[in-house]
Amino acid sequence: MTQYITVTADDTIERDGAIKLYDAAAFEGMQAAGQLAATILDALVPHVVPGVTTEALDDIVRRMTIDAGAVPGTLGYRGYTKSCCTSINHVVCHGIPGEKTLKDGDIVNIDVTPVLGGWHGDTSRMFLVGDVAIKAKRLVDVTYECLMLGIEQAKPGNRLGDISHAIQVHAEKHRYGVVRDFCGHGVGRVFHDAPEVVHVGRPGTGLELKPGMIFTIEPMINIGRPDVKMLDDGWTAVTRDRSLSAQFEHSIGITETGCQIFTKSPTGLDHPPYA
Ligand code: MF3
Ligand code: CO
Ligand code: CO
């Protein structure tokens, strides 16, 4: 049996497997955190250029987060020591910022999660570095379409499988591989909460969506096979066949009629090209 808990903005919440149904004040908190997250990604646009280190981008994320009175959700999370994830080319997710510089032609996902007033605004976008090959650009475009097609299915009465299915069908129509090893998640007071939001599935299956649910959708799509491999740093996931991988992520809340996207860009920079 699925356990539901009704949550008001100031409740203390645990990662206990229960599905939380958040109230209007909670949605306001998530909207504020989500907009901070989106504003940080917006601000990175002019900095994501050939020659910049991913560490320099992490510094901007940390500074903007702290200046806004928030804390980076990833900082100190299970031993992670950075304020964002930077996943370049064949890196699927959780790339660690460092001395590595971005090169002309790279594609990179930057994933931020400022925690503002206790609310986690979790979002990521792809960035194109300099001149990017058409094959890579197409992967990025289709991955964004996958996210938005999934979000279209996020409404009361639908089930998680409707979201998963919409994403899988679109990716596989382009002969891309949908990553199975990582998924979206409940979010809110807790960074990674129930439910798991997988990106492949069958329509009409899984948890029924109800107003008040808050979760992420964050498909990782590979040009090649879905399989991933973990690097020795314990965080970085790469495609096993070294094919390019892309990802976009939004945090959303189910409303009476559909959903609210907390992490939409306030300046329309939701996907490239950003120029
Ligand atoms: N932001 C990632 C997500 O979408 C989680 C990153 S956890 C980290 O769920 F520790 F790797 F940063
Ligand atoms: Co997430
Ligand atoms: Co994220």
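Results for (1) away from ligand 2 (no atom under 16 Å from the Cβ); (2) surrounded by fewer than 21 Cβ atoms within 10 Å (Cβ to Cβ); (3) on the phi < 0 side of the Ramachandran plot, shown as yes or no for each residue.
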site	(1), (2), (3)
138	yes, yes, yes
143	no, no, yes
159	yes, yes, yes
165	yes, no, yes
195	no, yes, yes
206	yes, yes, no
211	yes, yes, yes
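Name the residue, out of 34, 95, that is part of a helix (DSSP H, G or I), crowded, with 18+ Cβ neighbours inside 10 Å and within 16 Å of ligand 2 (Cβ to nearest atom). Spell out how you get there, then give the answer.
Values: 95 fails: part of a helix (DSSP H, G or I).
One residue alone meets the criteria, 34.
Select, from 131, 59, the only residue that is at pLDDT 95 or above, assigned to a helix (DSSP H, G or I), more than 15 Å from the chain's Cα centre (by Cα) and farther than 30 Å from residue 6 by Cα.
Values: 131 fails: assigned to a helix (DSSP H, G or I).
59 is the lone residue from the list that is at pLDDT 95 or above, assigned to a helix (DSSP H, G or I), more than 15 Å from the chain's Cα centre (by Cα) and farther than 30 Å from residue 6 by Cα.
Does residue 39 satisfy being β-branched (Val, Ile, Thr) and either crowded, with 22+ Cβ neighbours inside 10 Å or outside any loop (DSSP other than H, G, I, E, B) (or both)?
yes
Tally up the residues in the range 64-78 that are near ligand 1 (Cβ under 9 Å from one of its atoms), free of Cβ contacts under 8 Å to residues at least 40 places away in the same chain and either aromatic (Phe, Trp, Tyr) or part of a helix (DSSP H, G or I) (or both), please.
1
Tell me whether the range 79-92 contains one or more residues that are within 13 Å of ligand 1 (Cβ to nearest atom), within 19 Å of the chain's Cα centre (by Cα) and loosely packed, with under 15 Cβ neighbours inside 10 Å. Lay out the reasoning, then the answer.
First, pick out the residues of the range 79-92 that are within 13 Å of ligand 1 (Cβ to nearest atom): 79-87, 91-92.
Next, from what is left, pick out any that are within 19 Å of the chain's Cα centre (by Cα): 80-87, 91-92.
Narrowing further to those that are loosely packed, with under 15 Cβ neighbours inside 10 Å: 81.
Yes, there is a match, as at least one residue in the range 79-92 is within 13 Å of ligand 1 (Cβ to nearest atom), within 19 Å of the chain's Cα centre (by Cα) and loosely packed, with under 15 Cβ neighbours inside 10 Å.
Is one or more of the residues making up the range 17-25 surrounded by fewer than 20 Cβ atoms within 10 Å (Cβ to Cβ) and either within 16 Å of ligand 3 (Cβ to nearest atom) or at positive phi (or both)?
yes
Of all the strands (runs of 3 or more DSSP E) wholly in the range 173-275, which have at least 2 residues that are among the hydrophobic types (A, V, I, L, M, F, W, C)?
Result: 193-197, 214-217, 220-222, 228-230, 237-239, 250-254, 259-261.
Okay, residues lined up against (1) more than 14 Å from ligand 2 (Cβ to nearest atom); (2) closer than 19 Å to residue 238 by Cβ:
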site: 63; (1), (2): yes, no
site: 68; (1), (2): yes, no
site: 72; (1), (2): no, no
site: 78; (1), (2): no, no
site: 81; (1), (2): yes, no
site: 85; (1), (2): no, yes
site: 88; (1), (2): yes, yes
site: 102; (1), (2): yes, yes
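Give the range 102-113 a look and list any residue that's more than 10 Å from ligand 3 (Cβ to nearest atom) and either in contact (Cβ under 8 Å) with a residue 60 or more places away in the chain or surrounded by 14 or more Cβ atoms within 10 Å (Cβ to Cβ) (or both), or say none.
Correct list: 102, 105, 106, 107, 108.
Would you tally the residues in the range 246-275 being farther than 20 Å from residue 35 by Cβ, polar (S, T, N, Q) and under 14 Å from the mean Cα position of the chain (by Cα)?
Counting residues in the range 246-275 that are farther than 20 Å from residue 35 by Cβ, polar (S, T, N, Q) and under 14 Å from the mean Cα position of the chain (by Cα) gives 1.
The values are calculated or read from the model by the stated rules, or taken from the named source; none is laboratory data. All values reported here derive from a predicted model rather than from experimental measurement. Because the Cβ atoms are built from the backbone with ideal geometry, glycine has one as well, and the counts that use them run over all protein chains shown.
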